[in-house]
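Read the figures in this text as sums done on the coordinates, not as results from a lab. Just so it is clear, the model here is predicted, and its values are computed rather than measured. FYI the Cβ positions are ideal-geometry reconstructions off the backbone, even for glycines, and counts take in every protein chain you see.
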Amino acid sequence: MLLKRNNIIVILVLIVSFLGFVDATYLTVKDYLGQVPPCSIVEGCEQVLTSSYSKFLGLPVSMFGVFYYLLVFLLAAFYLDLKIEKILKFLSILPIVGFLATLYFVYIQLFVLNYICLYCMFSALSSTLLLFLGFMIRRNLKF
Amino acid sequence: MTELNNKELYELKKEEKNKDKKVGDIKKASKRLFWWLFVTVIIIAAVWSMVKVVANNAPVGEKGIQKLSVEDMKILPGDWVKGDINSNIVLIEYSDLQCPACGAYYPFMKQLTTEFGDKIAFVYRHFPLKQLHKHAEAAARAAEAAGKQGKFWEMHDILFERQQMWSAKLTVKATFSEYAKELGLDVDKFEKDADSLEIRGKVENNFLSGERNKVNSTPSFFLNGTKLQNPRGYEEFKEVINNAIKEE
C-alpha cells in the first residue's frame, strides 16, 4: 500500500520534473540560439534574462535548471524501474536544494530587478511542487 | 515404476516452472527496455522540439507588420546618418546607449556600415528607456553634444564599447567629460551643450518619434520603414540587407 502510494508520488515527480526540464531547456536554447533579447518596457522577461543575475560561472542559470530537472527526472525513472528505496531518499532531499535556488531567483526578480519572467516563475512553481512531493515521500518513508 | 513416474513428473514440472520463469524474465526485461526507451525518446523529443520552437520564433529577417509613419521613415533633418545618405534603402535604428542588447548589436552595425556603406543609409535615433536605464538619456545627450563638435559617431562608439563601465556608476557626468577630453573636444562647450535645452529637446524629439511609431524595445530596426525581427547574428543581418538590395 505504502509502496503503491510512493509509486504515484514518484510518477508525479516524473511529470513535474519533466515540465521543469522542458521549461529550463527552452530558456537555455533561447540563450544560445535565439535573438539577443531586446531591452523592452513592456515585457519583464528580457530584463530578467539579460541581467547579470542570469549568468553563473559564465553559463545561463537556466542550464543549471536543465541539469537539476534532468537529474530528478532520471532518479524518478530509475526508482520506477528498480524500486530502490535509497533513490526515494535522494528524491526527498534534492528538491530542498532546488527550492533554495528558487527562493534566491524569486527574490532577485521581485526585489532586485523588479521584473518577473513568466518562464522563470514556471520553473519556480515546478521546483516548489517537487519540494512538496519530496516531503510526501519523506512522510511515507519515515526515515 | 510409479516412483520413476513421480520423479519424471517432478522433473517435468520443474522444467515447466523454469520455462515460466524464463518467459517472465523476458517479459520483465522487455518492459524495462521499453521504459528506458520511452525515457530516452521523451528527453530527446523535448530538447529537439524546444530547439525547433526557438528557431521558428524569429524567422530570418521576416518583416513584421509594424511600420514607421511616412514622415518618420525618411531621413529627417538632425538625424545621424552613416553610409550613402542618398540611398533608397534606409535602415533606421532606435537605440538606447545603455541597453545591453543595443551594445550587442553595436559591432554588427559597425561592420554593416563598413560593408554596405556605399549602398545603404544607416540612421541612428535615440530611444532612451529612462525607466530601465538611469544614464541612458545623459548618454544620448553626451553623444549629441559631441556631435556639435563633429564627433557624434566617435562618442557613440566609445559609449557602446565602455557601456558596462559607465552603466555601473552612480553619476556619469565626469566620466562622459573624460571621454570628451579623450576625443579632443572642447570639454567646457561639451558640458554646456550636453545640458542645453536644444539637445534635451532633440533627444526628447527622437524619443517621441519612437513612441509615435509604437517602438517599445531597443534596438528596433526599420528597413525602409518596416520593422525587422531582430536578426540573430551578423550573417543573418547581412542576409536581410542583401535581400533588400536585391529587391531594389
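Would you work out which of B:N213, B:A146, B:Q229 lies farthest towards the positive end of the dipole of segment B:127-248? Charges go on Cβ: Lys and Arg +1, Asp and Glu -1. Projecting each Cα onto the dipole axis, the largest value belongs to B:N213. A Gaussian network model of chain B, with springs between Cα atoms under 10 Å, assigns the largest mean-square fluctuation among B:V54, B:V123, B:V172 to B:V54. The relative contact order of chain B comes to 29 percent, based on Cα pairs under 8 Å that sit 6 or more residues apart.
Which of the aspartates and glutamates could a cross-linker bridge to B:K28, judged by Cα under 17 Å and excluding same-chain residues fewer than eight apart? Those aspartates and glutamates meeting the cut-off are A:D81, B:D20. Around the Cα centre of the protein assembly as shown, unit charges on the Cβ atoms of Lys, Arg, Asp and Glu (plus for the first two, minus for the last two) sum to a dipole of about 2320 debye. Dipole magnitude for segment B:130-169: computed about the Cα centre from +1 point charges on Lys and Arg Cβ and -1 point charges on Asp and Glu Cβ, it is near 200 debye. Taking chain A as a Gaussian network of alpha-carbon nodes connected by springs under 10 Å, the highest mean-square fluctuation of the residues A:T50, A:T102, A:T25 belongs to A:T50. Once the Cα atoms are used to define both axes, helix B:197-212 deviates from the longest principal axis of chain B by about 40 degrees. Sequentially through segment A:101-111, phi angles give Karplus couplings (6.51, -1.76, 1.60; θ = phi - 60°) of 4, 4, 4, 4, 5, 5, 4, 4, 5, 7, 10 Hz, Gly and Pro residues having no value and appearing as x. For segment A:91-143 and segment B:194-247, what is the separation of their Cα centres, given in Å? Here the two parts' Cα centres lie 40 Å apart.
What number comes out for the charge environment of A:Y119, summing +1 per Lys or Arg and -1 per Asp or Glu over other residues with Cβ under 10 Å away?
Computed value for this residue: 0.
Note on B:K74: lysines with a C-alpha under 27 Å away, same-chain residues under 8 apart excluded, are B:K63, B:K82, B:K110, B:K119, B:K130, B:K148, B:K151, B:K202, B:K214, B:K227, B:K238, B:K246. Among the trypsin sites (Lys or Arg not before Pro) within segment B:156-245, those in coil by DSSP and having at most 16 neighbouring Cβ atoms inside 10 Å are B:R162, B:K169, B:K214. Considering only B:E204, B:E11, B:E71, the Gaussian network model of chain B with Cα springs below 10 Å gives its largest mean-square fluctuation to B:E11.
Which of rounded, prolate or oblate describes the protein assembly as shown when judged by the alpha-carbon gyration tensor and an a/c cut-off of 1.5?
Prolate shape, in that a/c is at least 1.5 and a/b is the bigger ratio.
Quick check: the angle from helix B:173-182's long axis to the longest principal axis of chain B, C-alpha only, nearest 10 degrees? Helix B:173-182 sits roughly 70 degrees off the main axis of chain B.
The sum of -39500 (n - 2.57) across all DSSP H runs of n ≥ 4, divided by the residue count of chain B, sets its helix-only mean residue ellipticity at 222 nm to -20000 deg cm²/dmol. Rounded, prolate or oblate: which fits segment B:118-183 when a ≥ b ≥ c are the square roots of the eigenvalues of the alpha-carbon gyration tensor, with rounded for a/c under 1.5 and prolate only if a/b beats b/c? Judged from the Cα gyration tensor, segment B:118-183 comes out oblate (a/c at least 1.5, b/c at or above a/b). A crude spin-label estimate for the pair B:N224 and B:N18, with each label 7 Å from Cα along the Cβ direction, gives 8.3 nm. The local environment of A:L82, defined by Cβ-Cβ distances under 15 Å, has a net charge of +4 under the rule Lys, Arg +1 and Asp, Glu -1. Which of rounded, prolate, oblate describes segment B:146-187, given a ≥ b ≥ c as roots of the alpha-carbon gyration tensor eigenvalues and a/c under 1.5 marking rounded, otherwise prolate only if a/b is larger than b/c? Oblate.
Database remark: amide H of B:G225 closer than 5 angstrom to the amide H of B:I92 (H placed geometrically; neighbours at sequence offset of 5 or more, or on other chains; Pro and chain starts carry no H).
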